[in-house]
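What follows is calculated from the coordinates using simple rules that are stated; it is not laboratory data. Note that the coordinates shown come from a computational prediction; the quantities given were computed from them, not determined experimentally. Positions of Cβ are backbone-derived with ideal geometry, glycine not excepted, and every protein chain shown enters the neighbour counts.
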Amino acid sequence: MPYRFELCFRSGKDDSNPAGFVSRHPVRNVPDTDSVEDYINYVISNAVPKALTLEDVRKATATDPELTNLTTAISTGVWSKLSVTPYRRLKDELA
């Protein structure tokens, strides 16, 4: 064996190792699964993101200077503006 070790048990107190307390004092009352299911259903029903319409995307694009410059660069083929430089290598995919 590549390792040589010796295990020594040292008794301790519950307050020095919180995990030890939990393992020696298991919970007898298991929570009702219906409350867990209710919570999961609540999260699922309220965490659904609102879908964006195409009109919402158009409005947001029109108010964003970088996207406006990108749209102009795609339609005109002029990629000289500094704000669209990061997109220049993708111009064939964006056109």
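Modelled spin-label separation between residue 57 and residue 42, with each label point placed 7 Å from Cα along the Cα-to-Cβ direction: 3.5 nm.
Rounded to the nearest 0.05, what FRET efficiency do residue 3 and residue 25 have when you use their Cβ-Cβ distance and R0 = 25 Å? Rounded to the nearest 0.05, the efficiency is 0.15. Candidates 61, 85, 74 compared by Cα position along the dipole of segment 54-94: farthest toward the positive end lies 85, with charges placed on Cβ. Less than 5 angstrom separates the built amide H of residue 79 from none of the residues sequence-distant by 5 or more or on a different chain.
Note that segment 54-65 has calculated 3J(HN,Hα) couplings of 5, 5, 4, 5, 4, 5, 5, 5, 5, 8, 9, x Hz, one per residue in order, obtained from phi through the Karplus relation 6.51 cos²θ - 1.76 cosθ + 1.60 (θ = phi - 60°); glycine and proline are x.
Length gained on full extension, residue 87 to residue 35, computed as 0.36 nm times the residue gap minus the Cα-Cα distance: 13.8 nm.
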